[in-house]
1. Consider only pairs whose beta carbons are under 8 Å apart and that are at least six residues apart or on different chains; among these, list those whose first residue lies in segment 184-204 and is of a type in the set (Ser, Thr, Tyr) and whose second residue is exposed (fewer than 14 other Cβ atoms within 10 Å of the Cβ).
2. Which members of segment 209-225 meet the condition of being outside any strand (DSSP E or B) and within 26 Å of Ile39 (Cα to Cα)?
3. Among Val74, Val53, which is in a strand (DSSP E or B), touching a residue at least 60 places away in the same chain (Cβ under 8 Å), under 29 Å from Asp350 (Cβ atoms) and not polar (S, T, N, Q)?
4. Look at Val65 and say whether it is under 15 Å from Val305 (Cβ atoms) and buried (at least 19 other Cβ atoms within 10 Å of the Cβ).
5. Does Ile111 fit the bill of being touching a residue at least 12 places away in the same chain (Cβ under 8 Å), under 26 Å from the mean Cα position of the chain (by Cα) and not in a loop (DSSP other than H, G, I, E, B)?
6. Note down all Cβ pairs under 6 Å where the first residue falls in segment 282-296 and is within 19 Å of His229 (Cα to Cα), the second is of a type in the set (Lys, Arg) and surrounded by 15 or more Cβ atoms within 10 Å (Cβ to Cβ), and they're at least six residues apart or on different chains.
7. Could you say which residue among Arg36, Arg21 is over 30 Å from Gln148 (Cα atoms) and touching an Asp or Glu at 6+ places or on another chain (Cβ under 7 Å)?
Amino acid sequence: MSFWSDNLAAMVGQVTTFRPRVSPILVKTFINNRIRQAIEARPAWSDLMERRVISVPASYTTGTVSVTNGSAVVTGSGTSWPTNDVVNTTIPLGVPEIGYVRVTPASMTGITGDSVLYCDAVGTPEAIPVVEVGIADFVGRFAYYHNQSATITQSSLVGRQFRLSDSDPLFTIRAVHSATELELDMPWSTTASSGATYSIAKMYFSFGPELKEIIAGMDTVDGTTVRLHVSIQEMNSRDPQRSTSGGSGGVLELVDLGPSETGSMLYELWPPQATARQLWFLISKQWPELRSDTDRPPPFVNPTVFVNGAIADALRHKVDAQDVFHNPMLAREYEVKYQQGLVDAIQADDAKLMRNWSYDFERLAGGPSSEWLQSHDYSAMYWQM
């Protein structure tokens, strides 16, 4: 299969040469919209399939905790919670704005599209959801200003679920302030408790903001498939307290929960697992938005397809009353070119998927010997599944 190397700058140049009065910024929007439209044209493009391994950590139960009605802060005793084993850096220039702010930390190590960072522990601390990640920066949702060299950390416990007993709701940890203090996503709303035993387990999982669809899942420990897209209503009726304990021999399930505060889809693993294990998944991804001039479109689709679509959009766009190049009739011709190019790309990908996902008789049966093949008519027994 051919792969093309055109980047965003080259594609914008082709469109603006055809429609010079249209803003290059608007042309970038046209191109990105056409890429999204193409990716959504089929459930999974073969070149956007990716294997993922989800690691389920062992539950954490060291020490005891105290909770207070109306407070999201949990105080521990003898807990030794890690505070910065995932992220431990600073924001050299600080945060001079509030809202969604793009900042450049001293290091991007550990920062992902699913991160919730604890910012400025010695100033005005807050938990910051990360909504976008770049090569050397990220966009976070800030509620406060922060001075230069403000700290940002993240514990490996962030994103895991906290509970005292089966009769209590599940809370998600947003931040770990210290070895004996953590912050939940909601205030504790029942009777205060002191010196209580607790459990921190990883029950909610995300495949990141680039996820389009989960195709398959496998539990290699028990040799079973993972049941996908179980509804929350079904799981609530079967196990409302989530009291079923995980172990060997059962079928694992992923329950659709909805988006996290960082915008990624969350899935609940049921039954909850107390011991560490790994699960294998096959997913289909989205294509990231093209921003920089050197960003490239999906290499498995001829970029001329996206250029034709963007030209059609540019021809429909009227810059002003004197725009003599505004031509909806010609736009239809380029729309047809875009649609035909997309159909050709889908058909080519269908052929690849058939080749990758089908298997023939000799693989199913384990394969005959070379002597058997030499003395038998291979075409008589060949069949596709």
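We did not get these values from a lab; they are worked out from the coordinates using the rules stated. All values reported here derive from a predicted model rather than from experimental measurement. Quick reminder, even Gly has a Cβ in these numbers, built from the backbone with ideal geometry, and neighbours come from all protein chains shown.
1. Once the first residue is of a type in the set (Ser, Thr, Tyr) and sits in segment 184-204, its partners that are exposed (fewer than 14 other Cβ atoms within 10 Å of the Cβ) give Ser189/Asn69; Ser189/Gly70; Thr190/Asn69; Thr191/Asn69; Thr197/Thr61; Tyr198/Thr61; Ser199/Thr61.
2. Pro209, Glu210
3. From the options Val74, Val53, the qualifying one is Val53.
4. no
5. The answer is no for Ile111.
6. Matching pairs, first to second residue: Ile283/Arg52; Ser284/Lys212; Lys285/Lys212; Gln286/Lys212.
7. The match here is Arg21.
A quick yes/no check of all residues on (1) closer than 30 Å to Ser199 by Cα; (2) surrounded by fewer than 21 Cβ atoms within 10 Å (Cβ to Cβ):
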site: Thr275; (1), (2): yes, yes
site: Val305; (1), (2): no, no
site: Ile311; (1), (2): no, no
site: Asp320; (1), (2): no, yes
site: Met329; (1), (2): no, yes
